[in-house]
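S.K.: Once you've had a glance at the structure underneath, I'll fire off some questions.
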Amino acid sequence: MAIDSNHTNGHDASKDEAHLARLQSRALLALAFEGLWPHLARLLLVVLLFVAASWAGLWQVLARSGCYDALHILTFAIFAVLLGAALWPLLRWRMPSQMDVLQRLDARSHKTHRPVTALNDRLAVDRDPLTRALWDKHLAQMREAALNVRAGWPRSRLIRFDPWALRSIIILFAVAAFFMAGEARWQRLKDAFAFGDVLPASSMRVDAWLSPPAYTGR
């Protein structure tokens, strides 16, 4: 039985288009992660530092000072500024564009002719069959090269935003403070939002007599 070549070519073309669409979807997710994760990690580290400092008893230490209210407000304001500075780039983040996706795939192909981007190019002048034939052959070569491209795994890129690895110090500090706080973790965290004396009142006992004891007469 003869095989319809036009049907076969159309079926292969649809499979190629689906494969390229999946490649672009994976590249979009990888780019989105690479752009979003550093900002999100910075925000999480500020929150973790605040929680760890609370667990370590920061607010109780400030409460023992002579000007507790002022120090509490100032320290809380510093954390609020750090939180806002970490949140601002996250609010300005935008999804990668289609051109960003194509450029990532071209970079992963390690080829100089931009095989993925070339598939979206258009022939400027189409005056004769020879030009069209050469263009079609060029597109066929680019398509074959594009089908072998891999989107690649996303990279965290945290080293660019934290070259001194301060995130490791904050995480270790949080782990130590977690065990140090014990069952008082939640109370110490609530003390951060209690703008007043966080130290418990001292219990006192006073013994007094309204009449002097007989053995002293005083």
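S.K.: Regarding R42, is this residue closer than 30 Å to W153 by Cβ and either open to solvent by less than 70 Å² (accessible area, probe 1.4 Å) or at pLDDT 75 or above (or both)? Walk me through how you get there before you give the answer.
M.R.: Details: closer than 30 Å to W153 by Cβ: yes; either open to solvent by less than 70 Å² (accessible area, probe 1.4 Å) or at pLDDT 75 or above (or both): yes.
In short, yes.
S.K.: Tell me which residues, restricted to segment 25-66, are more than 25 Å from I171 (Cβ to Cβ), in a helix (DSSP H, G or I) and not small (G, A, S).
M.R.: R26, L28, L29, L31, listed by residue number.
S.K.: Something else now. Go through segment 155-177 and give me each residue that's assigned to a helix (DSSP H, G or I), among the hydrophobic types (A, V, I, L, M, F, W, C) and either modelled with pLDDT under 90 or within 12 Å of H39 (Cα to Cα) (or both). Talk me through it step by step, then tell me what you get.
M.R.: Let us first name the residues in segment 155-177 that are assigned to a helix (DSSP H, G or I), namely 158-161, 166-177.
Now narrow it down to the ones that are among the hydrophobic types (A, V, I, L, M, F, W, C): 158-159, 161, 166, 169-177.
Answer for segment 155-177, where residues must be assigned to a helix (DSSP H, G or I), among the hydrophobic types (A, V, I, L, M, F, W, C) and either modelled with pLDDT under 90 or within 12 Å of H39 (Cα to Cα) (or both): L158, I159, F161, L166.
S.K.: Name, by its number, the condition in (1) surrounded by 11 or more Cβ atoms within 10 Å (Cβ to Cβ); (2) farther than 30 Å from F33 by Cα; (3) in contact with a Lys or Arg (Cβ under 9 Å, 6 or more places away or on another chain); (4) modelled with pLDDT of 65 or more that does not hold for P212.
M.R.: Of (1) surrounded by 11 or more Cβ atoms within 10 Å (Cβ to Cβ); (2) farther than 30 Å from F33 by Cα; (3) in contact with a Lys or Arg (Cβ under 9 Å, 6 or more places away or on another chain); (4) modelled with pLDDT of 65 or more, only one is false for P212: (1).
S.K.: Now for a different question. Only one residue in D69, D100 is over 23 Å from R155 (Cβ atoms), open to solvent by 50 Å² or more (accessible area, probe 1.4 Å), of a type in the set (D, E, K, R) and in a helix (DSSP H, G or I). Which one? Write out each step before concluding.
M.R.: Numbers: D100 fails: over 23 Å from R155 (Cβ atoms).
The unique qualifying residue is D69.
The values are calculated or read from the model by the stated rules, or taken from the named source; none is laboratory data. In this text, all values refer to a predicted model and were calculated from it rather than measured experimentally. So basically every Cβ, Gly included, is an ideal-geometry build from the backbone, and we count neighbours across all protein chains shown. Calculation scope for accessible area: heavy atoms of the full protein, side chains included, ligands and nucleic acids excluded. Shrake-Rupley method; radii C 1.70, N 1.55, O 1.52, S 1.80 Å.
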